[in-house]
1. What number of residues in the stretch A:139-175 are small (Gly, Ala, Ser) and not in a helix (DSSP H, G or I)?
2. Let me spell it out: the conditions are (1) at pLDDT below 85; (2) among the aliphatic types (A, V, I, L, M); (3) more than 18 Å from the chain's Cα centre (by Cα), and A:Val227 meets all of them except one. Which number is the exception?
3. Just to be sure before I move on: is B:Glu23 within 12 Å of another protein chain (Cβ to nearest Cβ), open to solvent by 20 Å² or more (accessible area, probe 1.4 Å), out of contact with any strand residue (DSSP E or B) (no Cβ under 8 Å at 6 or more places or on another chain) and over 22 Å from A:Ser80 (Cα atoms) in the structure I sent?
4. Give me the pairs: first residue in the stretch A:225-246 and in a helix (DSSP H, G or I), second residue surrounded by fewer than 17 Cβ atoms within 10 Å (Cβ to Cβ), beta-carbon distance under 6 Å, and six or more apart or on different chains, which are they?
5. Can you tell me how many residues within the stretch B:37-56 are open to solvent by less than 20 Å² (accessible area, probe 1.4 Å) and either within 8 Å of chain A (Cβ to nearest Cβ) or part of a strand (DSSP E or B) (or both)?
6. Condition test on A:Leu165, is it closer than 20 Å to A:Tyr273 by Cα, open to solvent by 40 Å² or more (accessible area, probe 1.4 Å) and either at pLDDT 90 or above or charged (D, E, K, R) (or both)?
7. For the stretch A:86-98, state whether one or more residues are among the aliphatic types (A, V, I, L, M), away from chain B (no Cβ under 14 Å) and not in a helix (DSSP H, G or I).
8. Across the stretch A:251-277, what is the total count of residues that are more than 11 Å from A:Asn342 (Cβ to Cβ), open to solvent by 10 Å² or more (accessible area, probe 1.4 Å) and either among the hydrophobic types (A, V, I, L, M, F, W, C) or out of contact with any Asp or Glu (no Cβ under 9 Å at 6 or more places or on another chain) (or both)?
Amino acid sequence: MSAPGKTERILRVAVWGAALAVWWALYNNLAAVATWVTYSLVGLRKGSHLGAAVEFFVYEVPKVMLLLTLVVFAVGIVRSFFTPERTRRMLAGRREFTGNVLAALLGVVTPFCSCSAVPLFIGFVTTGVPLGVTFSFLISAPMVNEVALVLLFGLFGWKVAAIYLGAGLTVALAAGWIIGRLKLERYVEGWVYEQAAGAAGEADAPMDWAARLAAGRTAVREIVGRVWPYVVAGIAVGAGIHGYVPENFMAEIMGRDAWWSVPLAVLIGVPMYSNAAGIIPVVQALLGKGAALGTVLAFMMSVIGLSLPEAIILRQVLKLPLILLFFGVVAAGIMAVGFLFNALM
Amino acid sequence: MKKIQILGTGCAKCQKLATVADEAAKALGAPYELVKVTELKQIMSFKVLSTPALVVDGVVKLSGRVPTVEEAKQLLG
């Protein structure tokens, strides 16, 4: 190791350290800045509807964007260790139950885009990953969303984040296991299994840390660049609810006593599609106005976990009864989570 | 002549990959042919797990992401 290389490494670590320190300082002073901007700079009256809404917006937008940037960067690095090819090798030939558990967990960290759902599905089932295990992966990958997870952690603390993670993994595991047990291979379009089996494609090129950090930066550019309008729109809706909807208004329609609110939340949530970053500020505002945690969780999971476009894409490889069952089982699982948490909390 | 194929069912990233590959190939200067493969069965014959994917002379060089032009040049070269 030559001396210049070492100096450069120390310098690089110092730059990253300084960047983190700046991040931390910004993050911790947002509340004071938001209060100052709202009531001193803009001059709104304390306790007014508009003031509450504006303060919420001015505080939450930079806070969520800061959290999002840090998290997406970290996740980009974590994901450079997990490729779909590697996940498939880990899942091929697994026994059902262990396979479902592993698939649900890998779904969280493997890079996945719903536009790749079909190639991934075919690639999995033709190389010996059982159908139910494949479904556990396909359910967990969008539903247990790392952006959602960390936003929940940032806004509500580790308990709500842990509940969401546990609930999502359980639904993915159970739904995949049930679909596997039902032996529904006949509802997969015939041409899928005619695809010559075999793993090929890209060999995993070894990556060094410079490449992994670059992957993190790319993730920030792509994901934050794509979701920020949703975040701002979500927070604007949240701010409106925060400022204008009366306290406990939501307790009537989304509270724990209204048993029908859970299935209704899922029914509304499934056809809706938004990414996790946009839905969480809305979730925060609903919870703040007395909506029950289970109901809100069910709504959020059905919005980000199940979507109409995904169903249309999957129709290319799955016959209709299997798609309906897939959505039915997952929706039922989400409802069970909703009822459970409304009963417990 | 180099044969460049872009695998993808038409998502935004597939378009982006085609643009990047085209730019990289132009910069390299060698004669090439660029084809977009959008038909699912044909895409699956390359056994990729994620799209978009870049195929050069029948070999999958990259899948699931869009490279930089510099990286694409290396993959094509």
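The values are calculated or read from the model by the stated rules, or taken from the named source; none is laboratory data. Treat the numbers as computed from the prediction; the structure is a model and nothing was measured. Methodologically, a virtual Cβ is constructed for each residue, glycine included, from the backbone with ideal geometry; neighbour enumeration extends over all protein chains shown. Side chains are part of the model used for accessible areas, which takes the heavy atoms of the whole protein and leaves out ligands, DNA and RNA. Shrake-Rupley method; radii C 1.70, N 1.55, O 1.52, S 1.80 Å.
1. 1
2. For A:Val227, the failing item is (3).
3. So B:Glu23 fails the test.
4. A:Gly243/A:His49; A:Tyr244/A:His49
5. 12
6. yes
7. no
8. Number satisfying all stated conditions: 13.
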